[in-house]
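Here the structure is laid out as structure tokens; the discussion comes afterwards.
Nothing in this text is a laboratory measurement; each read-out follows from the coordinates by a stated rule. As the structure is a prediction and not an experimental result, all values here were calculated from the model. Using ideal geometry, Cβ is built from the backbone for each residue, glycine included, and neighbour counts are taken over all protein chains shown.
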Amino acid sequence: MSHQYKAVIDWKLSGPDFVKGRYSREHTWTFDGGVTVAASPSPSVVPAPWSNAAHVDPEEAYVASIASCHMLTFLWLASRDGFTVASYVDEAVGVMTKNKQGALWISSVTLDPQLVWSGERLPTADEIAALHHRAHAECFIANSVKTGHPRRLPSALIHELASAHRP
């Protein structure tokens with residue numbers, strides 16, 4: 001099985017002096033479905049006015065892609081196992097550090113999914129943990145990166161959510 005995914009990255013010179021680094025890094029990402037996203041480097045990497053904090057930066061997109069892939073895989077697995085997820089909110093956090101060579105990289109992405117279940121069949125805490133483990137193992141993005149991405153699974157919260165929605 002082979003699929004291609006395309007993105008068009010479009011940047012135009014805007015600024016007083018490109019050679020001295022005084023130029024805007026704002027650009028757009030256009031995806032094959034037609035969506036265009038305003039993008040910029042993180043202001044923590046490139047200061048304003050050469051970046052725009054209101055735009056998506058590559059590091060945020062990286063974190064979002066890992067969290068989104070995990071969620072989509074989790075939802076698919078939960079549905080196959082007969083569970084109904086009513087909502088899924090994940091406030092994922094990526095951390096940038098230096099590697100052994102001194103280069104910056106996103107060294108970890110922590111997923112913090114908060115789930116609400118509905119329906120007659122609700123999973124136990126062990127079943128939820130197993131679903132997350134399987135989602136991690138089957139997520140296309142997780143299988144494509146070397147960044148660690150642990151999942152926070154506080155058993156008390158999981159139990160509380162599952163118990164709160166039992167008939």
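Here are some notes:
- Within the chain, helix-based [θ] at 222 nm, where runs of 4 or more DSSP H residues each add -39,500 (n - 2.57), nearest 500: -9500 deg cm²/dmol
- Summary value for the chain: 17 percent relative contact order, contacts being C-alpha pairs under 8 angstrom separated by 6+ residues.
- Dipole of region 1-114 computed with +1 at Lys/Arg Cβ and -1 at Asp/Glu Cβ about the Cα centre; of ALA7, VAL19, ALA38, farthest Cα towards the positive end is VAL19.
- A simple count of charges around THR84, restricted to other residues whose Cβ falls under 10 Å of its Cβ and scoring Lys, Arg +1 and Asp, Glu -1, yields 0.
- Dipole check for the chain: with +1 at the C-beta of Lys and Arg, -1 at the C-beta of Asp and Glu, and the Cα centre as origin, the magnitude is about 500 Debye.
- Candidate values (i) 162; (ii) 117; (iii) 107, label of the one derived for volume of the Cα convex hull per residue in Å³: (i)
- Of the trypsin sites (Lys or Arg not before Pro) in region 1-85, those whose Cβ has at most 14 other Cβ within 10 Å and which sit in DSSP loop: LYS6, LYS12, LYS20
- Within the straight-line cut-off of under 18 Å between alpha carbons, the lysines reachable from LYS98 are LYS146, sequence neighbours fewer than 8 places apart in one chain being disregarded.
- Region 1-56: C-alpha gyration tensor shape, a/c 1.5 cut-off, then a/b vs b/c: prolate
- Estimated vicinal HN-Hα couplings, Hz - region 33-46 in sequence order (Karplus 6.51, -1.76, 1.60; Gly, Pro = x): x, x, 6, 10, 10, 6, 10, 6, x, 5, x, 6, 9, 10
- Of the residues PHE83, PHE31, the one with the fewest other Cβ atoms within 10 Å heads the list, and the complete ranking is PHE31, PHE83.
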